[in-house]
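Computed from the coordinates by the stated procedures, all read-outs in this text should not be read as laboratory data. Note that this is a predicted model, so its numbers are computed, not measured. Note that each Cβ is placed from the backbone with ideal geometry, even for glycine, and that neighbours are counted across all protein chains shown.
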Amino acid sequence: MNTIYKPLAVCVVAATLAACASQPKDVELNEQFWQDHTQTVAVAESTKPEAHLEKTGNQGLIDYAINSAMTSTFENHINGTDLSWMETYQASLVSELEGHYIKAVIVKTPIDITALPQSKQDNKKYAVKTYAPLSMKVGDDKLLVITLNKIGAIRNYYGFIPSGAPSAIVDMTGRLVDINSNEIYWRHNARVVTSINGNWDQPPHYDNFNSALEIAVDTAKDELRSSLLNNA
């Protein structure tokens, strides 16, 4: 996962050291992949999480209850975030592959990666999960799956006192896996945190937050696409 800083309101930031320790390293896609025009890649999205407000910092149970009560309107707005752009993004990756003469097909139903068994293989060369159980459903030898790990907002607290305004956050991972051998051809994590320009507390529509989240989503999508096509 690269750390990228952009001007104005957008920055792509590394996760905390603890998160990075548990996050497998990115794997660059070899240019030889693009030379094999006989292969078929199934393109899927994983099951999506509900958008939410992540409250970080030192909070007790009472603090957390107070903070949740104070932000309930904002949280309800975030929970209703439209995630249909994932299907559009999935289709765009099919087009990108086909544009490089790689046959690609869409997997119509989302894949629940969390339900797959853990792999005991070296995660530097193989996927963390075992993808063989998907062979009947996918039907192709390679699977490109996009996972939306997290989306919504993040805000830090000290007790029941917020240390600042919330920010929009998107965390996505792309993986290209050989279903039969479990070899990982490509893996990239994009974590984007975007500050909100102007007043964030704008019920009921929260237009400034919506704009920040849209920027975060577009930035994460572009980062994954650029990484995938880097050696094409």
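The table for this structure:
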| read-out | value |
| --- | --- |
| Sequence-distant residues sharing a close amide H with Ser119 (under 5 Å, placed H) | Lys129, Thr130 |
| For the chain, the fraction of alpha-carbon pairs in successive 5 Å shells from zero, as % | 1, 6, 13, 17, 17, 15, 12, 8, 6, 3, 1, 0 |
| Likely footprinting exposure, Phe160, Phe74, fewest C-beta neighbours within 10 Å first | Phe160, Phe74 |
| Alpha-carbon centroid distance for the pair the stretch 37-98 / the stretch 194-225, whole angstrom | 13 |
| Other-chain or far-sequence residues with amide H under 5 Å of Tyr126's (modelled H) | Ile184 |
| Highest-MSF residue in the chain out of Thr38, Thr47, Thr114 [GNM, Cα springs under 10 Å] | Thr38 |
| Cut-off under 5 Å, modelled amide H: who pairs with Thr40 long-range | Asp141, Lys142 |
| Listed residues Gln39, Ala69, Ala91: farthest to the positive end of the dipole of the stretch 39-123 (Cβ charges) | Gln39 |
| Greater than 27 Å apart at Cα, pairs in Lys108/Lys221; Lys120/Lys221; Lys103/Lys221; Lys55/Lys142 | Lys120/Lys221; Lys55/Lys142 |
| Farthest toward positive dipole pole in the chain [+1 Lys/Arg, -1 Asp/Glu at C-beta], among Gly80, Gly164, Val27 | Val27 |
| Dipole in debye (nearest 20) - the chain, about Cα centre, beta carbon charges: Lys, Arg +1; Asp, Glu -1 | 500 |
| Electrostatic dipole magnitude of the stretch 34-139 [Cβ: Lys, Arg +1; Asp, Glu -1; Cα centre; debye, to 20] | 480 |
